[in-house]
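Undergrad: So that we are looking at the same thing, I have put the structure below in structure tokens.
Where a number appears in this text, it was derived from the coordinates with a stated rule and is not lab data. Since the structure is predicted, the reported quantities are computational estimates derived from the model, not experimental observations. All Cβ positions, even for glycine, are placed from backbone atoms using ideal geometry, and neighbour counts span all protein chains on display.
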Amino acid sequence: MRAFSLAWGQLKSHWAAGDLRVLMLALVLAVTATTSVGFFTDRVESALERQGAMLLGGDLLVSGAKPLADAYRQEAERRRLAATATVEFPSMVVRGERSQLAEIKAVGAGFPLRGELVVSGQVALAGVTPDARPAADIPAPGTVWVEARLATLLDLQVGDQVGVGEREMPVSAILERENSRGGDMFSFAPRLMMNLDDVASTGLIQYGSRVKYQFLVAGDAAEVDRYAAWAKGIADTGERVQDVSDARPEIRSALEKARQFLGLSTMVAVILAIVAMFLASLPHVQRSLDTYAVMRCFGASKALIMKILLWQTFMLGLIGSLLGCLFGYMAQTGLAALAGSLFLEQLPAPGWLPLLSGLSLGLLTMIAVIWPHLASLRDVPAMRILRRDMGNASRVWSGYLPLALLIAAMMFWHAGSVRMGAATLLAFAGLLLLTGLLAMFGNQLLQRLPVSKASAWKLGMAGLKRRPLVAVAQVAGFSLGLMALILLALVRGDLLQNWQASLPADAPNRFIINIQPHQIEGVKAFFAEAGIADAEVFPMVRGRLVAVNGEPLDTTKYEDERARRLAEREFNLSWAANMQADNQMLEGRWWTAAEHGQPLLSLEQDLSETLGLKLGDRLRYDIAGSTLEVTVSSIRKVEWDTMRANFFAVMPPGLLEDYPASYISSFHLPLGRDQALNRLVQDFSNLTVIDVAALMEQVRGIMNRMTYAIQYVFLFSLLAGLALLYAALVASREERLREAMLLRVLGASNRQIVLAGLAEFLCIGMIAALVATLGASALAWYVSVHLINISYQFNLPLALLAFAAASLLVPCAAWLGMRGFLRLSPRKLLQSV
Amino acid sequence: MAVEAIALNKHVSSSDARLTILEHLDLAVPHGERLAIVGRSGSGKSTLLGLLAGLDSPSSGKVLVDGIEISSLDEDGRAAVRGRKMGFVFQSFQLLPSLTALENVILPLQLAGNADAEALAKAALERVGLSQRLSHYPRQLSGGEQQRVAIARALAPKPAILFADEPTGNLDAATGQQIIELLFGLNAEDGTTLILVTHDNSMAAACQRRLQLNAGRLHEMHDEGVAA
Ligand SMILES: Nc1ncnc2c1ncn2[C@@H]1O[C@H](COP(=O)(O)OP(=O)(O)OP(=O)(O)O)[C@@H](O)[C@H]1O
Ligand SMILES: [Mg+2]
């Protein structure tokens, strides 16, 4: 208790004396950055689930080919979950002479439970619907909504009657968007939506019709989980229970990248803040040495000193972390607001995990920062009171181990992958080494310069010589701070632009599937007519995976629902001579021309991981009744968020050509060319056109908003960089003050002292700026090339500008810092030391 | 004896040379005595004081305080003895800049676990005439005032022995004189043993016994033989 009150009293007075402010600021920054991003990713994750839920239309979906048991509804009611049902079936829709195959969806009240339906009152002219609005309800009984494509095909307007089975019903709205439609992209005709109550009267559902019954529930996450477990238990064969983990790969991929960026920028902020804390702790430690020497002189035991020290560290850490968590929570609200309505609808309260990680980060960092000095502080000899040179902090290298480990842990944690973490760690270590060497080398060089006559310059150089260690530490600190600032200036805009450019305005927005070989010419003619230059047509053969390495495939061995479904589904096998440009080879290699016709296979990474398939595995496919065995020769990474057609499994040419193939194409349909597309579909009625414009808008929306969020997090890095610069300045303030005082007493003029200080800081600034510019350029290169796969352009003028600005920034800041005490008289200075 | 040193040796070795500061030094200070140690600058006065107070340990020889052989105790043991029996006044005051005058005086009392720390500290500051300056920080006080706070801090726990290392060294003559009077006055009231290191002849003259440190040894001094 004595230790506690002593520690608390000291802390208060050190705070009042201003010793702890930078330390505290840096600590709060580190924790704020961590927790705000933690809270935010928490919410993004739930937003991702929500996206999935929107695509399903609910949190959980039970579907089957036969009417679903009423038990599903009763159980949902019992668990107080919102629920609704839908029925889907294909049917011809008739208007006068014309008829068109449509995908009918009859929906129950409350549909969709998640997401929304967007409707308008007229068919879009040139793609613009002035009155599109979220629908307040489902189609009223006796009326239908039709998709714009169906309206065009049948020449329908709102108010027109349309024949559905035995009923004639008026079109009451045009269905502009139905998020829940994303689920099964390759299998639908234009949509007609009606009220579930009208289904029976159409007489369309008879024995043998191809009908999909769906039951949707939504509500509290835990309750939904329990419902899911129950539903899986009672589901019939042929009934499927689907949850939100089936979000579209495009959206998942975009969010994954956003998370990576967020992680990296947080890491930069946190590491800068930790280094700033370390530098800021040095004056505090120095002062504590004197304090503890006096206390030891008056009888304090080592154990007591240690207790005081630990209490202080703990309290500092706790206060800083709590403040950081508080700010983090507030900042996160800002982040979520920036991220926009995408994530704002009724989010669950952010979890406790970020709070916990923030607290432990703050406490651990505080301890790690003090750790190297613990022994010297505890063992400070009382004799220091009589001889100031005794008991100066002697630091052993191993004392820095916890700090180094902590920083390394931060890197791995935020980098999200071992590879990225290791790369960052190496870069950071290399940087520290480089800084140290350059600082030492620069120092040596400066000392050798022909002695100039300018006395201020001489004084400044002498200052550097007197504190080589402090100088090196300062250069390192300045370099890191400056590097963060330069990196932000160099790459922030570029990086984000490039990320967004990965989904350019002319990214494919339509897919055509089910193209038969003899129709390829016709499709190409359409491309020419519609002015589409770069459409590609890919072959596709459907095959079922039946054996792996000679063992028949047993899909029940997959614990994971998604894995089982992937394995049971028919694969779309394609062939290609060259790898698609936006794919990235991870393992193995692409086939050479000589290997065409060899039984090889290139797999997509996520699929191979989910199904546990490795390089060298032999996969046997059943294709239209005959079998084909191929060896996995490469694993690729696919950028799903580019919206281009891509395949999980690709083989070399010369292997699949004899099997029945259909073709698929993705292309960008310019505005107002719908007519040409409709003609194509009328000519070849078997073709299915898929409109992914809405999906693309969603991906684009995520990118846009995440860009804001990332810039916001960059702000933390900026603050942390400035805190670091400031801490590096303050690190030598005490000593500088003492020196200035001495020089003044010896008769130096203010001008001389200022100039000496500026000369010293100019040198430090220049070395730091050089290291920082080089380091930032290297980092920019790494992030560009390895993270977002774009080529990196070294921008020399910008780099030079950054170098010049950084070299000047340090002495300017130093001047601001020195100005205060230089105006004082030597007498005042004497007292303030 | 309050303090006793027997065959005390202290050398320090730097990279190139071995320096003998104290050599076979003997000293006995009875309870209640007021002793002055004088000597040239660099003669080892502060070193000796440090050894007698157990701030440092000798190369060989013994130091006994109230019969306790502190030279054989470890750092913590010596700290405990210091806390119980000794008070200190230094040339450079050694007040903690982040604590107020009152807090500085409270500190040793608190370290000794004294329940009445605040009251005692206030009384001590009262005795040195600073009851108006309790909440001032050292930087807000003049040198003489700072030294008075230091004296209050040294005397507040009622130590048996008071060590003072050139307590007037950083002060002008007039202020120094006031400090001496204060120190001696309080010392006389409390009957404390005082071991004083000084350059100042008048200060030394006011002590019952004067010893001169020279070439690592102590010599009795008589009124005329004051070293420069
Ligand atoms: N730990 C040490 N390392 C090196 N030299 C030391 C050490 N301790 C003391 N000395 C040297 O021993 C000598 C005596 O020092 P000390 O401070 O005791 O002298 P002093 O008599 O108090 O001098 P002053 O009157 O100037 O205060 C000095 O030359 C000092 O440099
Ligand atoms: Mg001395």
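Undergrad: Take the Cβ-Cβ distance between A:His518 and A:Val785 as r, set R0 to 41 Å, and report the resulting FRET efficiency rounded to the nearest 0.05.
TA: Between A:His518 and A:Val785 the formula returns 0.40.
Undergrad: How high is the relative contact order of region B:117-212, given as a whole-number percent (alpha carbon pairs under 8 Å, six or more residues apart)? Mind showing how you got there, number by number?
TA: Numbers: 78 pairs, mean separation 24.8, N = 96.
So the answer I get is 26 percent.
Undergrad: What does the C-alpha gyration tensor say about the overall shape of region B:126-190? Classify as rounded when a/c is under 1.5, otherwise prolate if a/b is larger than b/c, or oblate.
TA: Oblate, because a/c is 1.5 or more while a/b does not exceed b/c.
Undergrad: Mind listing which GluC sites (Glu not before Pro) in region A:563-650 are in a DSSP loop and have 15 or fewer other Cβ atoms within 10 Å?
TA: A:Glu570
Undergrad: For A:Ala132, enumerate residues with amide H under 5 Å from its amide H, sequence gap 5+ or separate chain, H modeled in the peptide plane.
TA: Distant-sequence amide H within range of A:Ala132: zero hits.
Undergrad: Kindly identify the protein assembly as shown as rounded, prolate or oblate by the Cα gyration tensor criterion: order the square roots of the eigenvalues as a ≥ b ≥ c, call it rounded if a/c is under 1.5, otherwise compare a/b with b/c, prolate if a/b is larger, else oblate.
TA: prolate
Undergrad: If you take the square roots of the eigenvalues of the alpha-carbon gyration tensor of region A:603-692 and sort them as a ≥ b ≥ c, do you get rounded (a/c under 1.5), prolate (a/b over b/c) or oblate?
TA: Values: a/c = 3.35, a/b = 1.70, b/c = 1.98.
Because a/c hits 1.5 or more and a/b fails to exceed b/c, region A:603-692 counts as oblate.
Undergrad: Output wanted: per-residue J couplings in Hz (rounded whole) for region A:74-80, from phi through Karplus 6.51 cos²θ - 1.76 cosθ + 1.60, θ = phi - 60°, x for Gly and Pro.
TA: Ordered by residue, 3J(HN,Hα) equals 4, 5, 4, 5, 4, 8, 6 Hz.
Undergrad: So, in nm, how far is label A:Leu101 from label A:Thr237 when the simple model puts each one 7 Å beyond its Cα toward the Cβ?
TA: 2.9 nm
Undergrad: Then there is this: Take the residue pairs B:Lys62/B:Lys158; A:Lys212/A:Lys614; A:Lys12/A:Lys307; A:Lys12/B:Lys45 and return only those whose Cα atoms are more than 28 Å apart.
TA: Pairs exceeding the cut-off: A:Lys212/A:Lys614; A:Lys12/B:Lys45.
Undergrad: Oh, and also: How high is the relative contact order of chain B? Use alpha-carbon pairs under 8 Å, at least six apart in sequence, and give a whole percent.
TA: Relative contact order for chain B comes out at 29 percent.
Undergrad: Still on this structure, please answer the following. Based on alpha-carbon centroids, what's the gap between region B:174-197 and region A:352-379 in Å, whole number please?
TA: Taking the Cα centre of region A:352-379 as reference, the centre of region B:174-197 is 46 Å away.
Undergrad: ³J(HN,Hα) across region A:307-313 via Karplus (A = 6.51, B = -1.76, C = 1.60, θ = phi - 60°), whole Hz, x for Gly/Pro?
TA: 4, 4, 4, 5, 4, 4, 4
Undergrad: May I ask what percent, to the nearest 5, of DSSP beta bridges between residues of the protein assembly as shown are antiparallel?
TA: Numbers: 97 of 132 bridges.
Rounded to the nearest five, the antiparallel share is 75 percent.
Undergrad: If R₀ is 25 angstrom, what is the calculated FRET efficiency for the pair B:Ser92 and A:Met315, using the beta carbon separation as r and rounding to 0.05?
TA: 0.25
Undergrad: Non-local amide H neighbours of A:Leu60 (under 5 Å, H modeled in plane, Pro and chain starts lacking H): which ones?
TA: Distant-sequence amide H within range of A:Leu60: A:Val217.
Undergrad: Gap in Å between the Cα centre of region A:623-667 and the Cα centre of region A:734-759?
TA: 75 Å
Undergrad: Using θ = phi - 60° and the Karplus form 6.51 cos²θ - 1.76 cosθ + 1.60, what ³J(HN,Hα) does each residue of region B:96-109 get, whole Hz, x for Gly and Pro?
TA: Calculated HN-Hα couplings, in order: 7, x, 8, 10, 6, 3, 4, 4, 4, 6, 5, 3, x, 5 Hz.
Undergrad: In degrees between 0 and 90, to the nearest 10, how far off the longest principal axis of chain B does helix B:143-155 point, with axes built from Cα atoms?
TA: 80 degrees
Undergrad: List the residues whose amide H sits under 5 Å from the amide H of A:Leu586, counting only those 5 or more places along or on another chain, with H placed 1.01 Å from N in the peptide plane.
TA: Those lying under 5 Å, H to H, from A:Leu586 are A:Ile635, A:Arg636, A:Lys637.
Undergrad: State the antiparallel share, in %, of DSSP beta bridges confined to region B:156-228, rounding to the nearest 5.
TA: 45 percent
Undergrad: Divide by every residue of chain B the summed helix terms, -39500 (n - 2.57) for each DSSP H run of at least 4, and state the resulting mean residue ellipticity at 222 nm, rounded to the nearest 500 deg cm²/dmol. Please report the intermediate quantities before stating the final value.
TA: Working: 7 runs with 77 residues, N = 228.
Taking each H run of at least 4 residues, the total per residue is -10000 deg cm²/dmol.
Undergrad: Taking 30 Å as R0, compute the FRET efficiency from the Cβ-Cβ separation of A:Leu437 and A:Asp389 and round it to 0.05. Don't skip to the end; give the middle numbers.
TA: Details: r = 29 Å, r/R0 = 0.97.
Approximately 0.55, to the nearest 0.05.
Undergrad: Restricting the count to DSSP beta bridges whose residues both fall in chain B, what percent are antiparallel, rounded to a multiple of 5?
TA: Percent antiparallel among DSSP bridges in chain B is about 50.
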